[in-house]
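The values are calculated or read from the model by the stated rules, or taken from the named source; none is laboratory data. Nothing here was measured: the structure is a model prediction, and the numbers come from that model. Ideal geometry is used to build each Cβ from the backbone, glycine not excepted, and the neighbour counts take in all protein chains shown.
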Amino acid sequence: MWHGLKNFMSRLRRTLRRDRKQEIVELLGRFYADKMKDARQFRLHSEQMRYHHFRVKLERIADEEETHAQWLKDRIVVLGGEVPQVTAEPEDARNTWEDLRLDLLEEKHHQWELIDQLPIIERFDAATGEILRHILAEESNHRTQITDMLMRSDPIAEWPV
């Protein structure tokens with residue numbers, strides 16, 4: 001009886017581990033698609049920026065988003081998953097200030113989702129968790145840069161003295 005129960009528990013753990021692995025691969029796939037869409041969106045918005053230094057910043061952010069997407073793609077492959085096709089089109093707003101606002105909201109949304117899922121992923125796969133923490137740190141820098149561009153391009157924003 002004890003041997004049968006041990007075998008059952010072992011099979012159950014393997015099944016749950018596979019399910020968790022599949023869930024994490026799906027999450028990484030969503031994060032990957034988001035990063036690819038974001039990179040396209042930042043490039044589109046950079047082309048529309050009036051100020052050269054804003055274009056340069058958005059291009060750099062787009063490059064970093066593509067790097068993040070590559071890291072995620074690599075982890076998906078290592079975990080035995082399939083890399084999803086990215087079909088989402090970048091969003092465009094009425095003007096460059098609205099574009100930046102949209103970019104900032106997207107970055108915040110991705111941050112919240114990543115923070116929410118990170119503990120689950122770290123329990124299963126420390127290497128993936130480390131990569132996601134690195135992405136999260138760089139995303140924080142992106143939000144700071146976009147916020148700065150928003151403030152500098154908002155004609156009614158007050159500047160500290």
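The table for this structure:
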item	result
Check on Leu58, closer than 17 Å to Arg143 by Cβ, modelled with pLDDT of 95 or more, among the aliphatic types (A, V, I, L, M) and in a helix (DSSP H, G or I)	yes
Subset of region 73-90 (residues that are in contact with a Ser or Thr (Cβ under 9 Å, 6 or more places away or on another chain), of a type in the set (A, V, I, L, M) and in a helix (DSSP H, G or I))	Val78
Residue tally, condition free of Cβ contacts under 8 Å to residues at least 24 places away in the same chain and not basic (Lys, Arg), over region 114-125	5
Index of the failed condition, Glu64 passing every other in (1) without any contact (Cβ under 8 Å) to a residue 60 or more places away in the chain; (2) closer than 19 Å to Leu104 by Cβ	(1)
Residue match in region 98-108 (condition: of a type outside the set (Lys, Arg), more than 17 Å from Gln41 (Cβ to Cβ) and surrounded by 16 or more Cβ atoms within 10 Å (Cβ to Cβ))	no
Some residue of region 5-14 being modelled with pLDDT under 95, in contact with a Leu (Cβ under 6 Å, 6 or more places away or on another chain) and not in a loop (DSSP other than H, G, I, E, B)	no
Boolean, Ala69 is within 21 Å of the chain's Cα centre (by Cα), at pLDDT 90 or above and either crowded, with 19+ Cβ neighbours inside 10 Å or not small (Gly, Ala, Ser) (or both)	yes
Tabulated pairs, region 36-60, first within 15 Å of Glu98 (Cβ to Cβ), second part of a loop (DSSP other than H, G, I, E, B) and among the acidic types (Asp, Glu), C-beta under 7 angstrom, 6+ apart or interchain	Gln41/Glu91; Leu44/Asp92
Residue check, Ala93 within 19 Å of Ile146 (Cα to Cα) and in a loop (DSSP other than H, G, I, E, B)	yes
Filtered residue count, region 102-132, keeping only those that are closer than 16 Å to Glu66 by Cα and not hydrophobic (A, V, I, L, M, F, W, C)	4
